[in-house]
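The values are calculated or read from the model by the stated rules, or taken from the named source; none is laboratory data. Since the structure is predicted, the reported quantities are computational estimates derived from the model, not experimental observations. Positions of Cβ are backbone-derived with ideal geometry, glycine not excepted, and every protein chain shown enters the neighbour counts.
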Amino acid sequence: MSPRLDLLAVGLTTLDITVRSVTSLPEGDSGQIVEKIALSPAGTAGGTALVAQKLGLCAAISSAVGDDPQGRIVRLMLEAAKVETDLLEIDPNWPTSTTVLPIRPNGDRPNWHMMGASVFAPVTDATFAALERTSAVHWAAVGFPGSSGKGAEFLREARARGIFTSCDLIAPSEAAQADLDTLLPHVDLFMPSLAEMRELAGTGDPVEGARRFIQRGAGGCLVKLGGEGALLVLPDRQIHAPAHRIDPVDTTSCGDSLCAGYIAGRARGLDPAEALRFGIATAAQVALGVGTLGKLEDYETTLAFAHDTPAKESR
């Protein structure tokens, strides 16, 4: 019998190739010695599942990789981390979604991205069947052509089963905007960044933007504020959690790790405010290292980090 799943993540799964630190590109055929090059499964679905598993949840990924070396690496690394990959399909028609990230000394991460199989992965009957053993779903395929028309049906069924549903996106495109109209009425918590909110809600005010998403059907909104932490807006209250005072090394996966941290905290019985602070602590530990997991260790260490590491003063 398949195990109970604490989290099923659906959508973008990539291989991240992270290079740190990079201040400039070498001229001509010259080269540079760098501190570290790391390979990591990543993406709004893949990275969230990997971090959630590291925090002690039983996580699964529903997505696709190509029939290529990158895909084999992604599968191998997810399986080594104990993430369930039964729903990770192999698509011979597309390469594995891959991103190269030259990390600057301050943690910024410009990137080159190759679109691949996970963007075109359909929501299969097997993924629907997995809802029977799932406690939380993280939908990270907003605007993707492969899941077109299936997202609302999938999330509707999830909520009908009493499953907690969350939603994140990779880019605020027109396709994403249209998809959100059908998805948000079936989402308990939408998790955009402030930059995505500006594009999708037409405002830089996180409270006003969150309320606009709630008016479109979302049960609540967790707005990722980068160096200012995060804001959780629910119909009856607002909760701000400041970021920790750290020197970031690589901020690539901070958004995905914040989502995973919140979901993990909630699964462990934390209330919304505690889960938000736990998510912030998760993201901070990820930012202290290179790659999807950074310096993240486990649930207990993250709880201690959240308690012991000073937070930034709110502006």
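With the structure loaded, tell me whether Arg133 is in contact with a Pro (Cβ under 8 Å, 6 or more places away or on another chain) and modelled with pLDDT under 95 or whether it fails that test. Answer is no for this residue. Within segment 201-223, residues that are β-branched (Val, Ile, Thr) have Cβ atoms under 8 Å from residues that are assigned to a helix (DSSP H, G or I) in these pairs: Thr203/Met197; Thr203/Gly209; Thr203/Arg212; Val223/Leu194; Val223/Met197; Val223/Pro206; Val223/Gly209; Val223/Ala210, counting only partners at least 6 apart in sequence or on another chain.
Inside segment 202-211, residues that are among the aliphatic types (A, V, I, L, M) and either at pLDDT below 95 or surrounded by fewer than 19 Cβ atoms within 10 Å (Cβ to Cβ) (or both) make up a count of 1. Among the residues making up segment 25-72, those that are of a type in the set (Asp, Glu) and under 24 Å from Ile90 (Cβ atoms) are Asp67, Asp68. When Arg133, Arg161 are checked against the criterion of being of a type in the set (Lys, Arg) and touching a strand residue (DSSP E or B) at 6+ places or on another chain (Cβ under 6 Å), Arg133 stands alone in meeting it.
The residue of segment 162-173 that is surrounded by the most Cβ atoms within 10 Å (Cβ to Cβ), among those that are closer than 20 Å to Ala45 by Cβ and at pLDDT 90 or above, is Cys167.
Might you check whether a residue that is within 20 Å of the chain's Cα centre (by Cα), farther than 23 Å from Arg159 by Cβ and either of a type in the set (Val, Ile, Thr) or at pLDDT 95 or above (or both) occurs anywhere in segment 212-219? No, that holds for no residue. Those strands (runs of 3 or more DSSP E) of segment 1-115 in which 2 or more residues are within 16 Å of the chain's Cα centre (by Cα) and in contact (Cβ under 8 Å) with a residue 12 or more places away in the chain occupy 7-11, 14-20, 36-42, 59-66, 98-103.
Remark: Arg277 matches the filter, which requires a residue to be in a helix (DSSP H, G or I), more than 19 Å from Ala45 (Cα to Cα), in contact (Cβ under 8 Å) with a residue 12 or more places away in the chain and among the charged types (D, E, K, R). The residue of segment 262-315 that is surrounded by the most Cβ atoms within 10 Å (Cβ to Cβ), among those that are out of contact with any helix residue (DSSP H, G or I) (no Cβ under 9 Å at 6 or more places or on another chain) and closer than 24 Å to Ile103 by Cα, is Gly291. The residues on offer are Ala176, Ala158, and the sole one that is surrounded by 14 or more Cβ atoms within 10 Å (Cβ to Cβ) and either more than 23 Å from Ser63 (Cα to Cα) or modelled with pLDDT of 95 or more (or both) is Ala158.
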